[in-house]
Ligand SMILES: NC(=O)c1ccc[n+]([C@@H]2O[C@H](COP(=O)([O-])OP(=O)(O)OC[C@H]3O[C@@H](n4cnc5c(N)ncnc54)[C@H](O)[C@@H]3O)[C@@H](O)[C@H]2O)c1
């Protein structure tokens, strides 16, 4: 499919829409006069996001959702279809950051990070895609992975694993949709560092996972690296969201807003192909 995807006037569902890249995706959607279904675990911040967007009542549905919970994502899909009758763009964007040594990730840490970053995307696909396909109209799924989905920075084991799984899930889905000649397309967004609130993701950690243990000195260094790198990110969320929307409209699959990531990925792939010793990624081979 090489023709442009027409989003103007359609309906966009965006998870993690209260902040950062999700809120910026909402601004892009609104600029295309799309109606919005904005979902986030943080209902209060979602209300402020809606005020910032200045969208009218008939244009927006807000839904408090924990995307790691299958039943909540099903309710989101039910609510979106009940309100607007269709979805042209599903942005599986909600995600959490987590930095510490791999051996210091607890079972609860793994469940939280994989639950939001990977299962959240899987639940979105399960509950929206069949309805999008049944509509038989051109539409699209945009999964927010990360540059961490392509190269592995030390200190972020669960995050890297979750994002590499989102890339794999997106690639698999793309092959299936092509084989079925589906009108639904898919893209995977892999930004490096972007200044957002991701370095304070603990705020969105549900009580059932408990609080993260105090990091050891070795782990604390990685948390600092994450914080500094996020804050120093050169492309802001609006720039990343603009690049993502342009790419979706062109039906581009891989979206790498930071060109340096392609170099880091090429090094990784050539090390794999040559069975060479991998060079560790650094925070300057940017990410998460
Ligand atoms: N900021 C970066 O440097 C960067 C880089 C690459 C990829 N990403 C990815 O971009 C996406 C958006 O992150 P961001 O940087 O805008 O961070 P952010 O913290 O500003 O926004 C993330 C949003 O997700 C919400 N959220 C968290 N857990 C949730 C849950 N269980 N259910 C529903 N919503 C939940 C948060 O409340 C928040 O509003 C994430 O998937 C993240 O991994 C971010």
Take the Cα radius of gyration of the range 178-239 and divide it by 2.2 N^0.38 Å, with N its residue count; two decimals is plenty. 1.64
What is the Rg over Rh value, at two decimals, for the range 11-273, using alpha-carbon atoms and the Kirkwood definition of Rh? 0.95
In degrees, nearest ten, helix 120-135 long axis to first principal axis of the chain (Cα): 30
The answer for the per residue Cα convex hull volume of the range 83-131, in Å³, is 84
For helix 157-179, what angle does its Cα long axis make with the longest principal axis of the chain, in degrees from 0 to 90 and rounded to 10? 40
Quote the Stokes-Einstein diffusion coefficient, in whole µm² s⁻¹, for the range 142-288, based on the Kirkwood radius over alpha carbon pairs, a temperature of 20 °C and a viscosity of 1.002 mPa s. 129
Say we join alpha carbon atoms closer than 10 Å with springs in a Gaussian network model of the chain; which of 216, 187, 19 then has the biggest fluctuation? 216
Out of every Cα pair in the range 44-98, what percent are spaced more than 20 Å from each other? 31
Length-normalised contact order of the range 11-273, Cα under 8 Å, at least 6 apart, in percent, tallies to 20
Compute the projected area of the convex hull of the Cα atoms of the range 59-183, averaged over all viewing directions, and report it in nm² to one decimal place. 8.2
Take the chain, connect every pair of alpha-carbon atoms lying under 10 Å apart with a spring to form a Gaussian network, then pick out the residue of 22, 124, 56 with the largest mean-square fluctuation. 56
For residue 224 and residue 107, compute 0.36 nm times the residue count separating them, minus their Cα-Cα distance, and round to one decimal in nm. 39.9 nm
With n ≥ 4 as the cut-off for DSSP H runs, can you work out [θ] at 222 nm for the chain, using -39500 (n - 2.57) per run divided by the number of residues, rounded to the nearest 500? -14000 deg cm²/dmol
Given 189-198, 264-273, the highest-first ranking by average Cβ count within 10 Å works out to 189-198, 264-273
Interatomic Cα distance distribution for the range 1-76, bins of 5 angstrom, percent: 3, 17, 28, 22, 15, 9, 4, 1, 0
Note on the range 1-100: contact order normalised by length, alpha-carbon pairs under 8 Å, 6 or more apart, percent, works out to 34
Relative contact order (percent) for the range 141-286, with alpha-carbon contacts under 8 angstrom and 6 or more residues of separation? 31
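Readers should treat all values here as calculations from the given coordinates under stated rules, not as data from a laboratory. Keep in mind it's a predicted model, so treat the numbers as computed, not measured. Methodologically, a virtual Cβ is constructed for each residue, glycine included, from the backbone with ideal geometry; neighbour enumeration extends over all protein chains shown.
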